[in-house]
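Okay, so here's the structure we're looking at.
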Amino acid sequence: MTAPDYTLYGHHASGNVYKVALFFALAGHAYRYKHVDIFDGATRSDEFTAMNTFQEVPVLVHGDRVITQSDVILRYLADEIGRFGGRDFDERQRVQSWMAWSSNKVTNGLASARFGIRWANLEPEVIAHYQNRARNALDLVDRHLADNPWLAGEQPTIADMSACGYIYLADEAEVDLTPWRNVLEWSGRMAMLPGWHHPDKLPTTDATVAPAVAIPEIDED
C-alpha cells in the first residue's frame, strides 16, 4: 500500500479527533495517525505549538498544509476528497450553518460536561450547566430530525459527522439520550453506514489506518 496523503494528529479520548477519523472511515480513505499525549503536555511542546498555535488536537497535515480545528478540517477534506460537503450551494450553506451551531451548542455542552466529570472534577453545578446546555440543543436537533433524515440534506454530510461526534460519548457526560427518539434514530442511521466505527476504536498509538469499506459515492454536483 502506498503511503497515505494525510496525517492526523490526535488522541483517542477526543471526540473532535473522532469526527475527523469518522470522515476518513466513511470515505474509505487511508491516513496516518500520530498519537499526541494531551494529558502529558504534548500539545504544549515547542514542536507541536509551531505546528498548531492553538495547542489542541486534531491537526491534519496534507503535504505542506497544516489544518487545525475539527470543523475546518472536515470542510477541507470534503472539498479535497469530494465527499460529504454538500451537493450544491444551498446545501453547503446548510452544512456550514449546522456545523457552526452544533459545535457551539451540542459539542460544547456534551464535551464540557464529559471533561468536567472524567478529568477536571468540576463542581456539580458547573457540570449541570453544561448538561442542560446539551439537553436544550438536543431538543432542537430532535425537532429538526422529526422531518429530516440528516441534518443538512437527504444524504449524510460533514454536518452529521460534526454534530454526532460527542453523541456517541453522551453517557460519559452523564446525559441519557432516551428522551430524544429522533436523535437516537439518527445516530443509529450513522452507525449503520459502511465504514462507521465507535469512538472507542480510535488508535491509541501511531498507526496507518486503512478503512476497508466506504459509503458508495453519490453525485454531489
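The values are calculated or read from the model by the stated rules, or taken from the named source; none is laboratory data. Values in this document were obtained by computation on a predicted structure and should not be read as measured data. For neighbour counting, all protein chains shown are included, and Cβ atoms are generated from backbone atoms with ideal geometry for every residue, glycine included.
In the list Val95, Val66, which residue meets the criterion of being among the β-branched types (Val, Ile, Thr) and within 30 Å of Asn132 (Cβ to Cβ)? None of the other options fit; the residue is Val95.
Name the residue, out of Trp180, Trp196, Trp186, that is among the aromatic types (Phe, Trp, Tyr), surrounded by 12 or more Cβ atoms within 10 Å (Cβ to Cβ), within 14 Å of Leu26 (Cβ to Cβ) and modelled with pLDDT of 95 or more. Write out each step before concluding.
On the way: Trp180 fails: within 14 Å of Leu26 (Cβ to Cβ); Trp186 fails: within 14 Å of Leu26 (Cβ to Cβ).
The conditions single out Trp196.
I want to confirm something. Restricting to segment 127-159 and keeping residues that are in contact (Cβ under 8 Å) with a residue 60 or more places away in the chain and in contact with a Leu (Cβ under 8 Å, 6 or more places away or on another chain), which single residue is farthest from Arg75 (Cα to Cα)? Explain how you work it out, then say what you get.
Residues of segment 127-159 that are in contact (Cβ under 8 Å) with a residue 60 or more places away in the chain, as a first pass: 152-153, 155-159.
Among the residues that remain, those that are also in contact with a Leu (Cβ under 8 Å, 6 or more places away or on another chain) are: 156-159.
Values: Pro156: 14, Thr157: 10, Ile158: 7, Ala159: 9 Å.
Among those residues, the one meeting the criterion is Pro156.
Summed over segment 164-201, the residues that are out of contact with any helix residue (DSSP H, G or I) (no Cβ under 6 Å at 6 or more places or on another chain) and of a type in the set (Val, Ile, Thr) give a count of 1.
Before we move on, is Tyr9 of a type in the set (Phe, Trp, Tyr), over 20 Å from Ala173 (Cβ atoms), surrounded by 17 or more Cβ atoms within 10 Å (Cβ to Cβ) and in contact with a Ser or Thr (Cβ under 8 Å, 6 or more places away or on another chain)?
Numbers: of a type in the set (Phe, Trp, Tyr): yes; over 20 Å from Ala173 (Cβ atoms): yes; surrounded by 17 or more Cβ atoms within 10 Å (Cβ to Cβ): yes; in contact with a Ser or Thr (Cβ under 8 Å, 6 or more places away or on another chain): no.
No; evaluated as a whole, the condition is false for this residue.
Could you pull out the residue among Arg83, Arg135 that is of a type in the set (Lys, Arg) and under 17 Å from the mean Cα position of the chain (by Cα)? Show your work before the answer.
On the way: Arg135 fails: under 17 Å from the mean Cα position of the chain (by Cα).
Among Arg83, Arg135, only Arg83 is of a type in the set (Lys, Arg) and under 17 Å from the mean Cα position of the chain (by Cα).
Looking across segment 180-195, the residues that are farther than 25 Å from Arg114 by Cα and within 16 Å of the chain's Cα centre (by Cα) come down to Leu193, Gly195. Checked against (1) at negative phi; (2) in contact with a Ser or Thr (Cβ under 9 Å, 6 or more places away or on another chain), Phe84 meets all criteria but (1).
Reported count of residues in segment 140-166, each being crowded, with 24+ Cβ neighbours inside 10 Å and in contact with a Gly (Cβ under 9 Å, 6 or more places away or on another chain), is 6. What residue, among those in segment 70-126 that are outside any helix (DSSP H, G or I), touching a residue at least 40 places away in the same chain (Cβ under 8 Å) and not charged (D, E, K, R), is surrounded by the most Cβ atoms within 10 Å (Cβ to Cβ)? The residue in question is Phe84. Listed by first and then second residue, the pairs linking a residue in segment 203-218 that is within 19 Å of Leu8 (Cα to Cα) and at pLDDT 95 or above to a residue that is charged (D, E, K, R) and surrounded by 10 or more Cβ atoms within 10 Å (Cβ to Cβ), with Cβ atoms under 9 Å apart and 6 or more places separating them unless they lie on different chains, are Asp206/Arg32; Asp206/Lys34; Ala207/Arg32; Ala207/Lys34; Thr208/Arg32; Val209/Arg32. Of all residues in segment 138-179, those being part of a loop (DSSP other than H, G, I, E, B) and within 20 Å of Ile117 (Cβ to Cβ) number 8.
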